[in-house]
Every structure is written in structure tokens, then in C-alpha cells.
């Protein structure tokens, strides 16, 4: 993966060397930090809702997304992992869904590790650096900020599918997955 200065020779907003970065502890105004923290909280809620499911229910086929709750969890975690590799400029690891089925406990551990990795790397690289990668014989260009936007919205999309699957399995209460519900119930903004 190659890096290119996105600023066309101008000094980036966050300083001449580093450019803008995210403060992963600032869930008041740093949009990247908010998206990443919400994603982690929403995944925790989703796993809590899945703990009562049997293996048969986790693997029940649905005509959406990767096809089952277990497969969709692995897909989401795998995406977080490989995009973390792209964000950090390191070689891509193997694709988690190709490694075979995992227990819910193992998937939950891998999800937590992926979220911890994102909390660590998000603030350690300039967000405005343009990266390149080859995919299907084409060059793709994007910034690290675009990667964060993709990873978090991709997760929202698939969490919504899994909430729908949980609804069809009769799970109640369902996690909301809503960023605003998370903000109003979990963050103390009175400080």
C-alpha cells in the first residue's frame, strides 16, 4: 500500500508533519472517535443479544448479508481486521470467514480485539494521507478518514441485518444499534 500527501504541498490542518488525527478518547466532538466508540458499544450489545442463541440459531440461513448471524459476525470482524491492516500500512492478514466457523465466544473475543486495535491505531496515523491498494486489477485511492467511515458504516449495515435476524428468531429485547440511543444512554455529556 502506498501513501501520498493529500494536501498538494499545503500544510495539513493538524500540523506540518502529522496532519489531522483522531483523539480516540474524545467522544464529544471527534467524529472518528464517536463512530469507533459507538461501533464497539453496538457490537457488545449485539453479542449480548446473541448469547442465548443455540448453534443452530446462529447458523440459521437468512436471505440477507452473508446469510447467518455467525457468518455475518465473522464477516464484520474480518472487515475490521483487514481494513486495520490497510489503515496501518501493513500486509493484509487472512480473511477470517475463510478460516472456518468460530464459536460465539471466540467471535466475541476477536471482535473485542479488533475494536481495541482500532482504538490504538486510529489516533496514530494522519487521517488525510491518501493510500492506494490494488483490488481486482484496479487501483483504489482513499484516505485513512475514508477507511474509518467505511469500517464503521459497513458494521452498521451488517449489524442491522443481524438485528433483523434476531427479530426473526424471536429474541427480545433487541439491541437498537442506534448511535443516538448510545449517546443519550451511555455518555455523560453534562461534564
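The values are calculated or read from the model by the stated rules, or taken from the named source; none is laboratory data. A quick note: this is a predicted structure, and the numbers were derived from the prediction, not measured. Note that each Cβ is placed from the backbone with ideal geometry, even for glycine, and that neighbours are counted across all protein chains shown.
More than 19 Å from the chain's Cα centre (by Cα), surrounded by 14 or more Cβ atoms within 10 Å (Cβ to Cβ) and in a helix (DSSP H, G or I): does that describe residue 57?
Answer is yes for this residue.
Specify the residue that is modelled with the highest pLDDT; the eligible residues are those in the stretch 116-135 that are farther than 17 Å from residue 92 by Cα and in a helix (DSSP H, G or I).
The extreme case among them is 116.
Find the residue count for the stretch 136-172, including only residues that are farther than 22 Å from residue 85 by Cβ, free of Cβ contacts under 8 Å to residues at least 40 places away in the same chain and assigned to a loop (DSSP other than H, G, I, E, B).
Total meeting the criteria: 2.
Just checking, how many residues over the stretch 74-92 are in contact with a strand residue (DSSP E or B) (Cβ under 9 Å, 6 or more places away or on another chain) and free of Cβ contacts under 8 Å to residues at least 24 places away in the same chain?
1
Give the residues of the stretch 89-118 that are touching a helix residue (DSSP H, G or I) at 6+ places or on another chain (Cβ under 7 Å) and surrounded by fewer than 15 Cβ atoms within 10 Å (Cβ to Cβ), sorted by residue number.
91, 92, 93, 95, 101
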